[in-house]
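Single-structure report; data block below.
Please treat every number below as a calculation from the coordinates, not as lab data. What you see is a predicted model, and the numbers here were worked out from it, not measured in a lab. So basically every Cβ, Gly included, is an ideal-geometry build from the backbone, and we count neighbours across all protein chains shown.
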Amino acid sequence: MNFHAQTYKAGKYLLLWPSLKILLLLFKCLIGAQVAYSFQNTSVGVVIDANSEVGKQQKRAMHIAAQTFNNNSKNHNNIILFFHDSGGIPLQAASAAEELIMKKKVKVIVGMGTWQEAALAADLGNKAQIPIISFSSPSIVPPLMQHRWPFLIQMAKDQAAHMNCIADIIHAYNWQKVIAIYEDNPYSGDSGLLSLFSEALQKGNAQIENRLVLPHFTSLSDPKGVVLDELLKLLPLKSRVFVVLQASFPMVTHLFREAKKIGFLGKDSAWIINEGITSMLDFANKSVLSSMEGTLGIKTYYSTNSTAYTHLQENFQSEHAETAGTKPGSDALRAYDSVIIITEALEKMNRKSSNSKPRVFLEKILSSNFNGLSGNIRFQGSHLSNTAVLRVINVVNREYKELDFWTPKFKFAGSLEILKDRETRGDYATNNLAGPVVWPGGLISADPIGWKMPTDTERLKVAIPTNPAFVNFLKEDSQKQYSGFCIDLFHEARKILSDKYSGMPYEFHPFNESYDKLLQNVINKSHDVIVGDVTILAERSKDVWFTQPYTESGLSLILPIETEGSAWLFMKPFSSEMWIATIGILIYTMFIVWFLEHHLNPDFGGPLKNQISTTLWFAFSSLFFAHKEKINSNSARVVVGVWLFLVFVLTSSYTANLSSLLTVKRLKSGRDVEWLKQNNLSVGCDNSSSFVKNYMINVYNFTPQQIIEVDGEHDIVDKFKSKNISALFLESPYEKVFLNKYCKDYTAITATYKFGGLGFVFQKGSPMAKDFSEAFLTLAENGALKTLEEKWLTPSKECSNGSTSPETESLTLHNFWGLYIICAAISTICFVMALLKNHLNKHNHIEEEDQHQDSATADDDSVWKKALRIGTGFYNNVNNKTLGRAATFGGMQLTRRRNSSRWQSISTSDDVANPQSSQSAVKDML
């Protein structure tokens, strides 16, 4: 019984054993998972270039951060750092990362100083689902990068911001061309960084003139000699702005020492270094800093006021100070913050351990948001999203000082407070550095021009064309001496710029070839400048730089003077409406005079035919003030007085205008470009530049057969005289010179198409172009440029008032309408007054007849007899109309004494003793 019971129990336990075993395995798995992500001891892999100065600082900073966390962890969590040396070789870095994942079972890997290393480690991280925190990133982010490497976290510097900061420094000093220097690294590409730098420069119209690629330092047996040979290749270049983008510190040491020996750190030079080099200045010796005197650099700003930074700096000073430097650099601070990111994520995982998948650990890292030693730590996507704040530093007195702050939005500012104030107010950006800069060569009072300055050994090479269209601009004598407007202008500008360019030593190089070929000498850098009458054109400006134009330019048409005659020239002084108005006012005035005079003045009396002829003769003779007819009534005298004043004004104006028409040559009208093309006439153009000929063909549509090239002033005159050309196209400065000498024989049609003017030519990027332009403006403002023009371009006094006088125009009614209105108005007023007077006299006469009607019956016989005598006398008076002859009216004789306009009556039949009857008869007649 007992046996069966025991057997039964044993079987029962045996049946339960598999279930217990399964439960134990499940519990073990759960406990294992809990242990795996409880991170009691978290392994962290670090892959850096441990033998480099940056690597040593990073290693020390991460040790301090891990030690601080382990000592202060409340949950007794510890992190263990496993360091592997990459040696700066991507494959070695990948091998180290794989070993850390497979053997050390690390939960996260930090480091990778180059993008090639980071990319290879990211591939391994994707497979193992382990976060990879990289200290580098590609210069140009490839598309879908986050989808390709979801476990890659970038704590890299913002290289685009660094390139923009360097470019803004270059733009602040108006440097146009720079030389980019970098050390070749077979394991890291440079094209992305160069592309960012070139793009940033182009925003301010600057460009990379040349790239100096130095071999990798570890591959050189004689780095000093190799660096010197590479620098000597830069001597022919004009640019003296050097930007060191990336290089190891040993290479930088040799670079600056050799550059100083050959004069690349003189007063005309500027050097700018990137942050990868400035971060190593803290542990550079004094001799290296001495060779870098005057260099500018950029450096990431970080606060040094926190307790964590003080603790880190104290540890740096206490351990390995002889190799790692006395102060932690930005790379060390970033390494320190990477450990803090991991510890923050661990704390979050321990507080919320319900979900312990590896991707959750990645999300906790990416959710970091705190102020680290290197700045604000906050991720957007898989990279840091904080705005870069950089410092501009200046190497002075074997150390460096910080000059300005810089941000992408507000550019330069002297302090953080100013930047914050601008951000608060939404203020504008400042593009100039605030702090005083000590430049290479100890230059303080001025900024370097960034261009190779002429010296006594290497003078400014000035090319001058010896075949200008007119010698007024430039000429060469038998002694090889040069003079002219352009030469004097060059000397005047040189005086202004002599202090800035140390006297500007120069030498002239004459050339007898076309201007287009001469420009090639500046383009290929065989000459520095062309001093001459070179036209500024858009196509030319693509390859060279022009100064401010010292004179305007356009295309003018020169024509020989040909006058036109006219048989009706005497009609030209007055316009047609003027003639019509004058004739009209003449007729109207004479009508008024006739109306006022013909009843009283025998000169205007008689038959209608005689009245009309007398009035017309009076009108015509009054134009010359030769009239003899006397005016009796006061109203007529007023009318004639105003008319004579009008005649005086008109005759004076007519005489003056007609004299002008007879003395000034009237040019033939209608001669223009269209006239030349329609008549297929030959036209000339200057042969010194092809663009004028091309312009005539492409814009004016002349055929090539119509265009004849001319060679200089004398050839122009000869071709005009020989009728080889009917017109000439010249640029307006040449037209001014030509007409100043030949104004009596030629005229010009003002240019309607304008060009850029005439200027000097410099190599593209040369600061001398801007300086000479400013000098030209100075000369224009102080009157020196006007003096040179009067001396060389317009020396003739005979033609100083212009090549041709303006054509005399006909006088119009607009000039005299007021006088016409006055004359017509006065005549009209006198006419109306005369009509009113006649009406009143007639009315009074009727009343007098009514009063004497009663006595009219008694005296009918005498009245009829008297009327008969008066009528007979009037008839005799009309037929015997002679000045001074007496008229007899019924026994009464009317006579006018000599030199008197008043008529007197002398009775021939009445008794002398009774004069009243005689007076009554005259009264009745009047």
Output ordering of 137-146, 98-107, 758-767, 256-265 (per-residue mean of other Cβ within 10 Å, highest first) is 758-767, 256-265, 98-107, 137-146
The size of the Cβ-based charge dipole (Lys, Arg +1; Asp, Glu -1) of the range 670-748 about the Cα centre, to the nearest 20 debye, is 220 debye
So, relative contact order of the range 448-581 in percent, Cα under 8 Å, 6 or more apart, is 28 percent
Quick calc, V717 & K791: beta-carbon distance into FRET formula, R0 41 Å, rounding 0.05, result 0.95
At R0 = 35 Å the Cβ-Cβ FRET efficiency linking H311 and A429, nearest 0.05, sits at 0.40
Amide H proximity to E709 below 5 Å, modelled H, separation 5+ or other chain, gives C685
One finds the C-alpha centres of the range 564-628 and the range 409-464 to be spaced, in Å, by 85 Å
Taking 0.36 nm per residue of separation between T778 and E458 and subtracting their Cα-Cα distance, the length gained on full extension comes to 112.4 nm
Between Q520 and N71, the FRET efficiency computed from the C-beta separation at R0 = 56 Å comes out, to the nearest 0.05, as 0.15
Descending packing, highest mean Cβ count within 10 Å first, for 650-659, 822-831 is 822-831, 650-659
Given pairs K299/K420; K127/K299; K157/K401 and cut-off 28 Å on Cα-Cα distance, the over-length ones are K127/K299
One would report the Cα pair-distance distribution of the range 669-749, bin width 10 Å, in %, as 17, 55, 27, 0
For the range 669-749, averaging the sequence separation of alpha carbon pairs under 8 Å that lie six or more residues apart and dividing by its residue count, the contact order in percent is 33 percent
Expected sort for 213-222, 231-240, 481-490, 771-780 on mean C-beta neighbours within 10 Å, highest first, is 481-490, 771-780, 231-240, 213-222
Distance in nm between A538 and D477 label points, each 7 Å along Cα→Cβ, equals 4.4 nm
Rounded to one decimal in nm, the spacing of the 7 Å Cα→Cβ label points at T466 and M102 is 8.0 nm
